[in-house]
Amino acid sequence: MDKVAVIVLADKETHEGLGRLYNALETVKEMKEEGIEVQLIFDGAGTVWIPELENEEHIANQLYREVKDKITGVCDFCSKAFDVKNEIAKTNVPFLDEFEGHPSLAKLVKEGYQIITF
């Protein structure tokens, strides 16, 4: 069975970052609809998107809700570094700290996941 991990690294400060986020969410939706095992992880500057996407007025909120069940988590270390940990803690998105405070990409590779970054 195919397995894909989509990792959002894009910041929210540019229009290009919004495009990368949207493409990540669309990729997860397509994988989900095709029956491909998929995980969605927010890491680095991408952690700032969680509070934004939880806002029902955000342009990507509907798509986010469609794939929210595929979110594995958000980087614990980076959520602190980008000062969004308290906001994320109010959601049901879990924090990942498998390798020195970050999600473990080695674990995903060992489990047979292809990694796509946006």
Checking residue 72 against (1) touching a residue at least 60 places away in the same chain (Cβ under 8 Å); (2) exposed (fewer than 13 other Cβ atoms within 10 Å of the Cβ), the condition it does not meet
(2)
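Report yes if residue 48 is exposed (fewer than 15 other Cβ atoms within 10 Å of the Cβ), among the hydrophobic types (A, V, I, L, M, F, W, C) and in a helix (DSSP H, G or I), otherwise no. Walk me through it before giving the result.
Values: exposed (fewer than 15 other Cβ atoms within 10 Å of the Cβ): no; among the hydrophobic types (A, V, I, L, M, F, W, C): yes; in a helix (DSSP H, G or I): yes.
In short, no.
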May I ask you to verify whether residue 39 is modelled with pLDDT of 95 or more and within 11 Å of the chain's Cα centre (by Cα)?
yes
Of the residues that make up the range 89-100, is at least one more than 17 Å from residue 117 (Cα to Cα), assigned to a loop (DSSP other than H, G, I, E, B) and in contact with a Ser or Thr (Cβ under 7 Å, 6 or more places away or on another chain)?
yes
Restrict the check to the range 21-28 and report whether at least one residue is over 22 Å from residue 92 (Cα atoms) and not hydroxyl-bearing (Ser, Thr, Tyr).
yes
Taking residue 56 and the conditions (1) closer than 29 Å to residue 2 by Cα; (2) free of Cβ contacts under 8 Å to residues at least 12 places away in the same chain; (3) outside any helix (DSSP H, G or I), which numbered condition does it fall short on, given that it satisfies the others?
(1)
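Restricting to the range 92-102, name every residue that is surrounded by 19 or more Cβ atoms within 10 Å (Cβ to Cβ) and either under 20 Å from residue 27 (Cα atoms) or at pLDDT below 95 (or both). Before you say what the answer is, go through the steps one by one.
Let us first name the residues in the range 92-102 that are surrounded by 19 or more Cβ atoms within 10 Å (Cβ to Cβ), namely 93, 96.
The one that is surrounded by 19 or more Cβ atoms within 10 Å (Cβ to Cβ) and either under 20 Å from residue 27 (Cα atoms) or at pLDDT below 95 (or both): 93.
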Matching residues in the range 8-44 - criterion: being among the β-branched types (Val, Ile, Thr) and touching a strand residue (DSSP E or B) at 6+ places or on another chain (Cβ under 8 Å):
8, 27, 28, 36, 38, 41
Considering only the range 60-77, I want to know if a residue exists there that is in a helix (DSSP H, G or I), touching a Ser or Thr at 6+ places or on another chain (Cβ under 6 Å) and closer than 16 Å to residue 10 by Cβ.
no
If the requirement is being in contact with a Cys (Cβ under 9 Å, 6 or more places away or on another chain) and either aliphatic (A, V, I, L, M) or buried (at least 19 other Cβ atoms within 10 Å of the Cβ) (or both), which of these qualifies: 81, 89?
81
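Working only within the range 1-44, note down all residues that are in a loop (DSSP other than H, G, I, E, B), within 23 Å of residue 104 (Cβ to Cβ) and not charged (D, E, K, R).
Quick first cut of the range 1-44, residues in a loop (DSSP other than H, G, I, E, B) only: 1-2, 9-14, 34-36, 43.
Filter once more, keeping what is within 23 Å of residue 104 (Cβ to Cβ): 1-2, 9-11, 36, 43.
Once the filter is applied, which keeps residues that are in a loop (DSSP other than H, G, I, E, B), within 23 Å of residue 104 (Cβ to Cβ) and not charged (D, E, K, R), the range 1-44 yields 1, 9, 10, 36.
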Of (1) exposed (fewer than 15 other Cβ atoms within 10 Å of the Cβ); (2) touching a helix residue (DSSP H, G or I) at 6+ places or on another chain (Cβ under 9 Å); (3) closer than 23 Å to residue 13 by Cβ, residue 57 satisfies all except one. Which?
(2)
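The values are calculated or read from the model by the stated rules, or taken from the named source; none is laboratory data. Since the model is a prediction, treat every value here as computed from it, not as a measurement. Positions of Cβ are backbone-derived with ideal geometry, glycine not excepted, and every protein chain shown enters the neighbour counts.
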